[in-house]
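The values are calculated or read from the model by the stated rules, or taken from the named source; none is laboratory data. Only a predicted model underlies this, so the values are computations on that prediction, with no experimental measurement involved. Methodologically, a virtual Cβ is constructed for each residue, glycine included, from the backbone with ideal geometry; neighbour enumeration extends over all protein chains shown. These area figures cover heavy atoms from the full protein model, side chains too; ligands, DNA and RNA do not enter into them. Shrake-Rupley method; radii C 1.70, N 1.55, O 1.52, S 1.80 Å.
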Amino acid sequence: MIRRTIFAALCLAAAAVAAPPLTTIQDVLYKADGTRFNGTLTISWGSFQASDNSAIVTQTSTVKVVEGNLRVQLVPTASVTPPVYYTVTYNSDGRVQFQETWAVPASATPLRVRDVRTATPVNAGLGTSNDSTGPIQESDVVGLIADLGARPTRGSSMAPGRVAFVNALGSIDSVSGSASDCVHVDGSSGACGGGSSTSFVDADSLTGIVDGANANFALSGAPAPAGSLALYRNGILLKAGFDFSINGNAITFVPAAVPQPGDTLLASYRLGTADSGTPQYFPPAQVVCSGTGSSVSGMAMTNLGACTIPAGLLLPGDRVQISFDLAHQGTGSGFTFSLSWGSTVIAMRSGSTGDGMVTGRLEGAVLAASTQWSAQTWGTILPLTATVLSAADAYANGITINFQGAMGQTGDTLTLAGYSVVRLP
């Protein structure tokens, strides 16, 4: 029994000798409003070796503060090499209030908070001042060097304000050249254009006589590929191989689809590649005249409207389209109307008392010294009539189109409700 008592006493003595020295921090804490602080202090530190060579491991400790009364014992750190600091976090009212750093010296008497508080910046919980002072090496960050190595590097010719490309070594360089140059996929530059480019033709008018018998027409260019051709007759899309065949720019209609007088033929297609690199554009249709005309109630032929095509506008190969509409007011008399191309009458019909409306569509092919016309006219009762004729009037110096009308008896009125003259280059 005596041996056991002696052994226990020796163990307690050894434990007392092995314990590291402690410094007591004791103070009364207040809030700024004069009331006492109530809450907890969370004190954290990193591993270090105390002055008596005791091994202190990384840990945290929570101390309760009631009515401002703080008392805690900590191992002195001020004499440790390198210096070690405590990170103290104040918690109150359920949230963190603030954080500060303590450097605890060895002291046989209790110290106040002001005696251990220090402004030395350290990273919370890391303990030594070496943790936050001095630069962090790239090799100290796990994986950083490998990640940086996976990124493209700056090339020798990289410059701000330039288009960037990846060179053969995997580095980023800048494209050199003039501001107006174009950049190629390999990072080289050069003048824009050149080489081949695709051209488009829209609303191309076919050349050829539209008389119901002619089946051969020509486009302004040869579609490339031929399948890009979209050919319309009076706005209806025709089918290659069924309605027509194509060879280069030549169009041949099958007998059942031969264009009839008054039909309008338009085509759109691609031209493939052009050596100049410049798209080939075709001029659109040009409205020469359009508007409304006047009225006539008398029995003499009276001018209802006119359109003068200026000198030099028409060229061989052009086409001229004329559309007009007449309105008849009254039921007591018939009427007569005519349309002249220069001195040549290219359309003339007579309507009855029941013809409240009459219309006409004419298309002329401008030849070297004359114009070949196809005309269609019809009315409410007036049957459709199609004619083909040639007008030898010279057009180079300009030519006038006249719309005329007269009543069979006085009392009714004939009005040129609207007309248009369109040039297809």
Stretchable slack from residue 58 to residue 209, in nm (0.36 nm times residue separation minus alpha-carbon distance): 44.1 nm
Cα centroid of the range 30-96 to Cα centroid of the range 158-175, whole Å: 55 Å
Please state the relative contact order of the chain as a whole percent: Cα pairs under 8 Å, 6+ residues apart? 12 percent
With the 8 Å Cα cutoff and a minimum separation of six or more residues, the range 297-425 has a relative contact order in percent of 43 percent
Grab the alpha carbons of the range 301-425, take their convex hull, and tell me the volume per residue in Å³. 83 Å³
Ellipticity estimate at 222 nm from DSSP helix runs (n ≥ 4, -39,500 (n - 2.57)) divided over the chain, nearest 500: -2000 deg cm²/dmol
GNM, the chain, Cα, under 10 Å: largest mean-square fluctuation among 285, 386, 50? 50
Hey, if you put +1 on the Cβ of every Lys and Arg and -1 on every Asp and Glu Cβ in the chain, which of 190, 58, 201 ends up farthest toward the positive end of that dipole? 58
Cβ-Cβ FRET estimate between residue 369 and residue 308, R0 fixed at 25 Å, reported to 0.05: 0.80
Kindly report the accessible area of the range 275-425 per residue (heavy atoms of protein chains, probe 1.4 Å, no ligands, DNA or RNA), in Å². 45 Å²
Extension length gain for residue 183 and residue 254 (0.36 nm per residue less Cα distance), in nm, is 20.6 nm
Roughly to the nearest percent, how much of the accessible area of the range 251-371 is carbon and sulfur, given a 1.4 Å probe? 58 percent
Per DSSP loop assignment and a cutoff of at most 10 other beta carbons within 10 Å, the chain keeps its longest run without exposed chymotrypsin sites (Phe, Trp or Tyr not before Pro) at 1-241
Taking Cα atoms, how many degrees apart are the long axis of helix 2-18 and the longest axis of the chain, rounded to 10 and kept between 0 and 90? 50 degrees
